[in-house]
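The values are calculated or read from the model by the stated rules, or taken from the named source; none is laboratory data. For clarity, every value in this text was computed on a predicted model and none was experimentally measured. All Cβ positions, even for glycine, are placed from backbone atoms using ideal geometry, and neighbour counts span all protein chains on display. With ligands, DNA and RNA removed, areas are computed over all heavy atoms of the protein, side chains included. Shrake-Rupley method; radii C 1.70, N 1.55, O 1.52, S 1.80 Å.
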Amino acid sequence: MKIAAVRPFPVWVGTRNQLLVKIETDEGLFGWGESGLSSREKAVAGAIEHYAQFLVGRDPMRIGALWQEMYRSQYFEGGRVLTAAMSAIDIALHDIKGKALGVPVYDLLGGKQRDHVPTFATTAAEPGEAMIDQARQLIEAGWDCIRFMSTGQESPDLLDPRRSLAETARWMVRAREELGTDVSLGIDYHHRLSVAEAASFCQRMPKGTLDFLEEPIRDETPTAYEALRRLTDVPFAIGEEFSSKWQFLPFIERDIHQFNRIDVCNVGGLTEAMKVAGWSEAHYVDLMPHNPLGPVCTAATIHLAAAVPNFAWLETRSSPVERHLGFDSSEIFPVQPRLEGAVYPVSDAPGLGIEVDEKALTREPFRFWEAPHLKRPDGSVTNW
């Protein structure tokens, strides 16, 4: 069996673009993968077209060797664009291999360790009464882990970090008081704070308010996270933007964080994700995968979650308070993972266990989309 075509599909699904990749073989088998570099899909599609030049004609079963060839056979190796392209290709190759052998992808990763995958859900409302009401809905629907978003998350142009953290901290305290201690609560700050701001945020709340703080600061400097760790005891959930095992290295080896927000569509696919998972296990760090994309990403991440021992929760965007997003269109993805309460059952179907309607997929063309370019009140640029 040989690879016959590698086809990127940058298309609009729901309220954002998705970049899917279809790898076809000369025996009629094909696999689907997904890239996670949102809002830069054209750049990744270009990288996939470069890789296709030497992947066509190769053996799709040699996933590890092809991964190494894609990573190493160029002077400028690595980087988020290239590893996002590699991720989509790697996931599609696992889909093909599972179908060829008649086994689910988790069997290629060592076998199933759990029958269902627990998830955490996110409230859609900013901190306030509506946020707490949504959290109650999620608890009633079966969730025992809920993530909140910070004040200012919906702003199209302005963010004052100090004002945001003060308001958000007040509502986090209120949420814990209202929701009790049986539910795990966390917040995503989308790396919008400095070390001092993140420390101030944590110090405004009593111990036990938060079970995790997600992406409080930028990750480029691990020593900055070490400084923040000295200033707070709130567990950190970070890594969704990490694009290799090497980027995870200092955080795991220095015991800086407690949850890995690994993204199989950014880190280098399932091949790289399994290496990070084993490394994390040695340091008692649990996986808490990033999963904001489409059903292909969800399916691949479920197989990862099924195959590793050190797992906490999988992000889901399909809760009762977020279904308007449309990322999981049933028309485009007639067979896809479906929540049963607050968990995903682990599919035993060969490959990823998903189906894509290619005609429906291409009905909505790619649209250029930019994340908000946020500024502080003084006019300076800040993080989105």
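Are there helices (runs of 4 or more DSSP H) fully within the range 41-113 with at least 3 residues that are farther than 22 Å from His303 by Cβ and in contact with a helix residue (DSSP H, G or I) (Cβ under 6 Å, 6 or more places away or on another chain)? List them. First the steps, then the outcome.
Numbers: elements: 41-55, 63-72, 80-101, 105-108.
Result: 41-55.
Residue under question is Ser330, and the condition is that it be in contact with a strand residue (DSSP E or B) (Cβ under 8 Å, 6 or more places away or on another chain) and in a loop (DSSP other than H, G, I, E, B); does it hold?
no
Residues of the range 1-40 that are open to solvent by 30 Å² or more (accessible area, probe 1.4 Å), acidic (Asp, Glu) and closer than 20 Å to Ala299 by Cα: Glu24 alone.
Mind checking whether some residue in the range 263-272 is crowded, with 19+ Cβ neighbours inside 10 Å, out of contact with any His (no Cβ under 9 Å at 6 or more places or on another chain), modelled with pLDDT of 95 or more and in a helix (DSSP H, G or I)? Talk me through it step by step, then tell me what you get.
From the range 263-272, those crowded, with 19+ Cβ neighbours inside 10 Å are 263-272; that's our starting set.
Right, trim to out of contact with any His (no Cβ under 9 Å at 6 or more places or on another chain) and you get 267-268, 272.
Okay, now just the ones that are also modelled with pLDDT of 95 or more, so 267-268, 272.
Filter once more, so that each one left must be in a helix (DSSP H, G or I): 272.
Yes, the range 263-272 has at least one match.
Restricting attention to the range 114-142, the residues that are crowded, with 22+ Cβ neighbours inside 10 Å, touching a helix residue (DSSP H, G or I) at 6+ places or on another chain (Cβ under 8 Å) and over 20 Å from Ala169 (Cβ atoms) total 2. Only a single criterion out of (1) open to solvent by 10 Å² or more (accessible area, probe 1.4 Å); (2) at pLDDT below 95; (3) part of a loop (DSSP other than H, G, I, E, B); (4) not β-branched (Val, Ile, Thr) is not satisfied by Ser319, namely (1). Only a single item in (1) open to solvent by less than 30 Å² (accessible area, probe 1.4 Å); (2) more than 22 Å from Glu154 (Cβ to Cβ) is not met by Pro216, and it is number (2).
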